[in-house]
Every structure is written in structure tokens, then in C-alpha cells.
Amino acid sequence: MSGEVVLDVRDLHTHFFLRRGVVKAVDGVSFSLRRGEVLGLVGESACGKSVTALSLLRLLPQGAARTVQGKVLLDGEDLLTKSDQEMRRIRGRKIAMILQDPQTSLNPVFTIGNQLREAIAKHFAGPADTVFQRAVDALRKVKLAAPEQRIHQYPHQLSGGMKQRVVGAIAISCEPQVMIADEPTTALDVTIQLQYLQLLKEIQKVSHMAILFITHDFGVVAKMCDRVAVMYAGRIVESGPVRKVFNNPAHPYTQALIASVPKMKVQVDRLHTIEGQPPEFSDMPQGCRFAPRCALADDHCRTAYPPTYTVGTEHTANCWKLEESA
Amino acid sequence: MRRYILQRLWQGIILLALVTTIVFFLGRLTGNPVDLMLPEDATEEDRIALIETLGLDAPMYKQFGIFVVNVLQGDLGVSHRYRRPVVEIFFSRLPNTLKIVPAAMILAMIMAIPLGIVSAVRRGSMIDRVSGTIAVLGIATPNFWLGILLIYIFSVQLGWLPSARMGTPLHYVLPTITLGTFLVAGFMRLIRSSMLDILDSEFVKLARIKGLSETTVVWKHCLRNALIPVLSLWGVFMGGLVTGAIVTETVFAWPGIGRLTFEAVIFRDYPLLQAVIIMDAVLILLINLMVDILYAYIDPRIRLAE
Amino acid sequence: MMRNLPWLSVGIIVAMLFMAIFAPLISPHSPIDQSLPEKLIPPVWEEGGTTKFILGTDIFGRDVLSRLFYGARVSMIVTALALLVGGGVGLVIGIVSGYVGGRLDSLLMRIVDAALAFPTILFALLLAVTMGQGLQTIVIAISLLLWARFARVVRGEVLAVKGRDFVALARVHGCSPMRIMATHILPNVLNTFMVLLTLHVGVVIVAEASLSFLGAGVPPPTPSWGLMVAEGRGKISSAWWLSLIPGIAITLVVLAFNLFGDWLRDRLDPKLRQL
């Protein structure tokens, strides 16, 4: 199924420097992405998932945020040491990204063809008609109907689902090795979400692209991903193959996330929710960060941060309660 | 697009009709329109003749009818002071105004666009703060005083530039700067604030994700979007431009239609003023229409509204 | 809140209000008494100046300083009245139009659009010629400039407030529209209204000065800063102080009000930023 490691993130730390203090949005995150696989990065809002993605591309808001530590190895080369010019050659070409809201991802004053061709021409200089042809091909790959006509249209003339396909087309147009999808279906109609996910899977099968799939929805993870990393308050608390994590979640947070996915076939009186809120970044607890909301937490949990325990093959989690079974 | 333009044109015509009506009624407001329309040395014969021509002894609606018919035929009355048909005077002065107003606007655009963009991109830097200060001053300084100040500095004290009337290319400098200043200030602030909004938008993020250079991102993706509010808020600038033209031409004794308006006021030349206003209205509506077309051209959402 | 106040701006505003209110008490001379033998005396720091006339005299021998103080008064009175009338009318129309909605709203907004599309200075000039110069004329003229802007912004606010729950509740309780508009809608748009008022003071002062400059404002001999600039224009090469000093006053005051208005807007209603 999967091949060699194409993206290796090691101990990534990204801090935001605000007037009220330093916010450690990404506080020691490590994961690896293999060719041909989909890795899900799951967590509630503001847990640091999107910041992680921006850190990989080095597109953090200038002045406000900075990656202060870590290595991001793409094909063995550390992206964090690259110059701006080198990064621009890599963005779009080796790593691509899909953003969440199709309504705002496209520039309203240019045709979708213009925006597509611009991406292609940046990385593959060539005569205009070759670029044009590549653009039409990209639209075809994302199953946009009548691509030769649509390519001359403006974003406002397309529906949300179509726009998101265009964004997908832009991402795959330069045949990247890695694609980061940041909540790509969250803003789409529910009826279209499944179609889009299937599309991504098909594209991946052909191209063997590695996909980092960011979402807050464990249900989508189950449908889409091969492996999953669960993120909470800036750190990864569990990771492993999707099947294993789903059937045997080791971390209480993961268990709660999975429990809150509404199941169609089971009748329930109340939907499961997780009590409480994630901690403020300025007020991070000493020990395990999930302790304030965890039913199993004790004093030890609250004072010391749990190390990584191996729960199964390639399945790890950070919880003191796993000490017994380790 | 065509529908949009026709709609705007229609609105303009209605506005014109409204203006004409108001101008007419204001003239009859004082209850003594005859005196208003005649110079001071008019004889009794003149009075009777005027009453007849304008039908001032007829009921109001009839008077209005006569007025409208006259206007549509291009007869807007005769000026007291010049003893010539107003339309004639207007068109003889119009070219002079057309020499400085577009120049001021172009100057404003050339200065405001780069300054606005750079201020936004390098927010908080020295250039942002300096241009921000100049903009704030530019808006606060009344047009007429700026002109006089410039005359004082460059004409009286330094003797570099002439202070009044037309003549050499040098004569164009001060009036253009005076007229252009508040435009530069206003445009610059508007462009800066819309740039700041745009720089935060998702499509700019996506442009960077594609690997485009920052120059392309700013000048291709941001600029066009940043100009849109300038065009849609054009009406605000138009008002200031008209005031500016009147005042600037007055200060520099520039023989254009702005100064003509001033003369009409100062000499209580009512027929002249009435007519100038109507003609100004036509001119303004034409300019507004052009701006609307430009706006539709730049923003495909308007151009291709389904 | 006090710490971040733009002190310089507030200081200038207070100084101007002081000048305006206490003009009769602090003016060394009458602003309109002429004294031809003492005409065109330069300010005290120039050669030929005297402490009798700190800022010099004009072509009729009138004291510039005193005229400056009384001019502040004229500006303030005209501004206050114009804002009251223009702003008031705009407020009422905005509330009614926004709350009642429907065809009345469409009609009123069309009129507002028309008014906004046309430069009001031309009407102001027309009014000055037909109604004659005077306080009444100029207040009406400037109000014409303001009402449409206020109406449009207030209406926008009303639309937002209208949808809130407490309004629906009031309707359920059987309150009449008049009552709802007065007791529920009005207080909630007051914030925006206040900010609009301060943001437009500068505009009104410049409008009054410009109209006076063009001879369409408050009639002489009442001093208005704009009129003073106009009167001094002919003598710019020999008596710079006649035009330049009142102009500096106008610029400083407008600057102060603009900066203060921006500060107030940022604190109370940042979404008005587009203005």
C-alpha cells in the first residue's frame, strides 16, 4: 500500500508572538508521511492542525509567528533551512495545498483558467497552448464537466463544489509529491462531501501522491485515511493505522472523539459530547493537557506529561493509564 | 453588462430631471423671480419682456413647461453679466477645466496607488507612517487655503511658479497640485485599507501556496481587488472634486467652469448659475457613467451578473 | 480608556470650543470695528508689529485675533446646527426607512442614492443666491450635504438591530412601531450616530469655510474663517497673515476632529472604517 517516507516532520515547534505573550501553537509535533498513503491529522478547532500545515509550507503570518524548532524533511531535504526563492519553487510543485472555503480561495477578478495556468506556468515554462492543455487536463482529472468551457469562466459562475474541484485541480496540476488538504469538505454541502472525498482517493491512486488530510471529523478520517494522528492542544496524543485506532483507541481523547461520531445504525437518546473546552494556550496545564476534561485523570496525570507508549504495531499514544498495559 | 449600463443611464436621466426641477423651483422660491433674473440696471421694458418670455405671469405648471422645453432645446437663458447665452459661455470655458481636472486625477492615481500598496504591504514602517501623516493632513487642509499657501510659498517667496491664470506649462503646476492633493490623500487611505483586507484573504494565501512570487501576489492578485472600492466609492470623491474645481479655479483665476460658477455666485447672476448647475449635472452624470462602466469592466461579478 | 485618548486632538478641540464660547470675553477688540489708520499691521513677531494687535490687522484695521475668536464661534454654531438638522433628519429617515422597510424603504433609499450622487455644493450655492446669505441658508445648505450619508449608514445599522430578538419580543408584546423605533431601535443606533457626528465635524467645518470663501456663507462683517481667507487673498504678497493664519486654524481644528473621530470610531464601531 504505502512506499517510502516522503515527508518526515520531526519535533516541530511553531510559536505565535502576540502582545499578550507567546502562544505555542505547535509544541513538539512529529509524524511521517509515506508515498501513496493518506495520513489524517485530527483534532478540535484551534488545536494547531492548520498551523502545522502552514509551518510545513513556511507560510506563517510574517512577524506574528515563527517555527522555532524542528525539521521538516521532504525527500531528505530540510524545508526549514531553505531560502525564500527555493521555497517558492517547492510550493505548488512538490507540496500543494487545498484550503477549506472554496468561496474565498479563488480570486474573483480572474478566470479559473487564468488562475490554473498561472500555477502551471510558474513551474513548467512552455508555450501557451501546452500550458492551456495541461490546465484543461487538470480540470478533467477533477471531473469538472465541460472543462474547455468552464476554463474561461469566473469563480462566481461556479457552485461551491465545482470551485473546490478547481482548487483541487490547481493543487494537482504540477504533480506534487505531497498534498495537504485542510478541511477540504467542511464547507461543502453534505451531499457533495462524499463525492469529493472519493475524487481525492481516485486521484491519489493514480498519482501515488501522499496526502496529509486535516480534519476535525473522525467519520471522515475513517472513510478517507490510512493512518491517523490525533492532535490536542498543540501536541499529538495518539497515532497509528486507522483501523487499529478506530477499533482500539488508546487515548481517552481519541475515545471521546470516536464516541461522538453519530452512528446511523445505533439508536441513542443523547448524542455524545466531550465536556469542557481545550485549554487556553496561555494557560497550559502542567501535566497531561487533556487531564482537565478526562474522566480517568488523577494527580499524576495533572502534574507530569505522559510519555509515548506503544499500544500495537505502529500504534502509539501518550497516556499515563497505558503504563499498566505497557 | 448592458442591462447594468442602461440601468445607470436611466437613473442618471431621472436625476437630471430632478435637478432641473429643483433648480426651477428654487428660482421661483423667493416670490420675486423677475428681479433675480435681471441685472440691476434693467429697464421696465426688459422686465416686461422677460415676464413674457418666461411666462412669469402664467400658472406655475405652464412656466415649468416653458422652462423644460427651453432646456431641451439647449436654451438655458442669457447671463446678466456677459450678455451672452449661457450655453455658449459654458462651452467656451469647459476646455480649460478639462485641462487640469484629468491631470489632477492622473497625478492622484500615480501617487496614490503605489503609496497605498506599499503602505499596506509594509504596514507600520516609516513609509507607511509618513504617507499616512501626509494623507491625514491632505484631507484636513481645505482646498482653497492649500492653493493660497502654495501661491505664497512658490510664487511670492520663491518666485518659481506663476500664481494665476493660464499661460505657460508652469501655470498648470500649482492648480493641478492643489486639486490633486485631497484626491491623493483620499485614494491612498482607501487603497491602503482595502489592501490590508485583501492581504489577509484566502485567495492570496492560495496564490502564495502556488509558489508565486510576492511581487506577483501583490501586483497581480491584490491590486485589482483593491481598486474596486475606489471606484464604488467614487461618488464621495466626485463631490469633493467639484468643490475642489470651483475653489481651485477661483484661487488661481483659472478661466474654467469652476470659476464660472464662482462668478455666477459672486455677481448674483442667477440665469448663469442656474444654467451652469444644469450643465454641471450633465457632465457629472457622464463622468459617473464612465466610472460605472470602468467598475463593471474591472469586476467580473458585475459584468457577468447572471 | 483615558490613557489612550488622543490628547493633542482633544486639546485643540477644547481650545477651539473655549475660543468660541468665550469669544466676547477674551477678544481684545471688537471683531467688526474698523480702524482704517491701523490697517494692515503685521503680527507682533514681525517687524512693525505691536502687542496691541497680536495677530495683526486686516485691510479695514480690524483685529485678526478677535476675528479669529469670533470666527471660531461662527464655525461652531454653524457646525452644531448643521449636524443637528442634517444629522437629525438623516437619523429619523434612516430609522424609519430601515424599520418600516418595503416600498417606503426602496423609495427613500433611491432618493438617498440620488442625493449622494450629486455634489451638494452646487445646491448650496444656488440657495445662497436665491435665499440670500445668512445663517439659515448655510445651515440648510450644509444639512443637505449630510442627511443622505447619515440616513444610509443609520439604515444599515437599523437593519442589523431589527433582526435581534428583543425587537421581535417587543412586537409580540404589542408595542406600536413608533414606540419600538423610539425606545428600542434608537438607543441601539446611537453609538453609530455619535461616531458619524464626530467623523463629519471636519467635513462641515471645511464646507462652511469653503462656502464662506466663495461668498455664499455667513455674510460680512461677521467673521468666518473662510471669509477671512478670502479677504486676505488679494494681499497675500504683502500681508500673508490675513489668509494664512485663519487657514492654519481651520486645518488644525479639522485635523483634530478627524483624528478624534477616527479614535472614537475605532473604539465604538470599527466596522465604519470604510468611511
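The values are calculated or read from the model by the stated rules, or taken from the named source; none is laboratory data. The model shown is predicted, which means the values in this text are computed figures rather than measured ones. Cβ coordinates were reconstructed from backbone atoms using ideal geometry, including for glycine residues, and neighbour counts include every protein chain displayed. With ligands, DNA and RNA removed, areas are computed over all heavy atoms of the protein, side chains included. Shrake-Rupley method; radii C 1.70, N 1.55, O 1.52, S 1.80 Å.
Computed over chain C, relative contact order equals 22 percent, with contacts defined as Cα pairs under 8 Å that lie 6+ residues apart. Here the mean projected area of the convex hull built on the C-alpha positions of the range C:69-205 is 9.1 nm². Computed from the C-alpha gyration tensor, the three semi-axes of the ellipsoid equivalent to the range B:236-306 are 33, 13, 7 Å, from longest to shortest.
Compactness check for chain B: Cα Rg over 2.2 N^0.38 Å is 1.22. Taking one equal scatterer on every alpha-carbon of the range B:171-239, how large is log10 of I(q)/I(0) by Debye at q = 0.18, 0.21, 0.29 1/Å? Result of the Debye calculation: -0.73, -0.86, -1.21. Pairs of Lys residues in the range A:1-126 that lie 8 or more places apart, or on two chains, and have C-alpha atoms under 19 angstrom apart add up to 8. Taking the Kirkwood radius as Rh and the Cα radius of gyration as Rg, chain A has a ratio of Rg/Rh equal to 0.98. Here, the range A:140-216 yields an orientationally averaged convex hull projection of 5.2 nm² when only Cα atoms define the hull.
Computed from the Kirkwood radius of its Cα pairs, the Stokes-Einstein diffusion coefficient for the range A:202-246 at 25 °C and 0.890 mPa s stands at 214 µm²/s.
The calculated Kirkwood hydrodynamic radius for the range C:151-275 is 17.4 Å, given to one decimal from all distinct C-alpha pairs. Applying a DSSP loop filter and a limit of 13 other Cβ atoms within 10 Å to the trypsin sites (Lys or Arg not before Pro) in the range C:98-178 leaves C:ARG164. Pairwise Cα separations in the range A:89-156 fall into 10 Å bins from 0 onward with the following percentages, short to long: 20, 52, 27, 1.
Using equal-weight Cα scatterers in the Debye expression, the normalised intensity of chain C in log10 at q = 0.14, 0.15, 0.16 Å⁻¹ is -1.00, -1.09, -1.18. Calculated from the alpha-carbon coordinates, the range C:1-46 shows an Rg and a Dmax of 16.6, 53 Å respectively. Size of the range A:164-286: Rg and Dmax of its alpha carbons, in Å, are 16.3, 49.
Accessible surface of the protein assembly as shown, 1.4 Å probe: 60 percent of it comes from carbon and sulfur atoms. For chain A, the longest principal axis of the alpha carbon atoms and the long axis of helix A:112-123 meet at an angle near 80°. Nearest 10 degrees is fine. How inclined is helix A:160-172 to the longest principal axis of chain A, computing both from alpha carbons? Helix A:160-172 and the main axis of chain A meet at about 90 degrees. Applying a DSSP loop filter and a limit of 12 other Cβ atoms within 10 Å to the trypsin sites (Lys or Arg not before Pro) in the range A:266-326 leaves A:ARG270. The value obtained for the range C:207-272, namely the Cα convex hull volume divided by the number of residues, is 95 Å³ per residue.
So for the range B:78-176, considering every pair of alpha-carbon atoms, how many percent are separated by more than 15 Å? The share of Cα pairs beyond 15 Å in the range B:78-176 comes to 74 percent. Calculated on the alpha-carbon coordinates, the convex hull of the range C:1-104 measures out at 169 cubic angstrom per residue. Interface residues of the range A:90-107, defined as those with an accessible-area decrease of at least 30 Å² between the chain by itself and the complete set of protein chains (probe 1.4 Å), are A:ARG91, A:MET97, A:LEU99, A:THR104, A:SER105, A:ASN107.
Taking the DSSP beta bridges with both ends in chain A, the antiparallel portion is around 60 percent. The C-alpha radius of gyration of the range C:176-245, expressed as a fraction of 2.2 N^0.38 Å, stands at 1.80.
Directionally averaged projected area (the protein assembly as shown, Cα convex hull): 49.0 nm². Overall dimensions of the range A:41-179, expressed as equivalent-ellipsoid semi-axes from the Cα gyration tensor (√(5λ), whole Å, largest first), are 28, 19, 13. In loop segments of the range C:188-268 as defined by DSSP, the trypsin sites (Lys or Arg not before Pro) with at most 16 further C-beta atoms inside 10 Å of their C-beta are C:LYS235. Exposed loop positions in chain B were taken to be trypsin sites (Lys or Arg not before Pro) whose DSSP state is not H, G, I, E or B and which have at most 16 other beta-carbon atoms within 10 angstrom. Between these positions, the longest stretch is B:166-306.
Its Kirkwood hydrodynamic radius, worked out from the mean inverse distance over all distinct Cα pairs, puts the range A:50-113 at 13.5 Å.
Taking all Cα pairs closer than 8 Å and separated by 6 or more residues, the relative contact order of chain B comes to 26 percent. With the convex hull drawn around the C-alpha atoms of the range A:4-83, the volume per residue stands at 90 Å³. Sorted from greatest to least, the principal axis extents spanned by the alpha carbons of the range B:220-262 come out as 44, 17, 12 Å. Take every pair of alpha-carbon atoms less than 8 Å apart whose residues are at least six positions apart; their mean separation over the length of the range C:1-115 yields a relative contact order of 21 percent. Values of log10 I(q)/I(0) for the range A:250-326 across q = 0.24, 0.27, 0.28 Å⁻¹ run -1.14, -1.27, -1.31, by the Debye formula with one identical scatterer at each alpha carbon and no solvent.
Every Cα-Cα pair of the range B:148-278 was included, and the share exceeding 25 Å stands at 49 percent. The distance separating the Cα centre of the range A:208-270 from that of the range C:169-229 comes to 58 Å. Exposed loop sites were defined as GluC sites (Glu not before Pro) in DSSP loop states (anything but H, G, I, E or B) carrying at most 16 other C-beta atoms within 10 Å; in chain A the longest segment without such a site runs A:45-274. Out of every Cα pair in the range A:224-295, what percent are spaced more than 18 Å from each other? Cα-Cα pairs in the range A:224-295 separated by more than 18 Å: 46 percent. Can you give the angle from 0 to 90° between the axis of helix C:135-162 and the longest principal axis of chain C, with both taken from C-alpha atoms, to the nearest 10? It is inclined by approximately 30 degrees.
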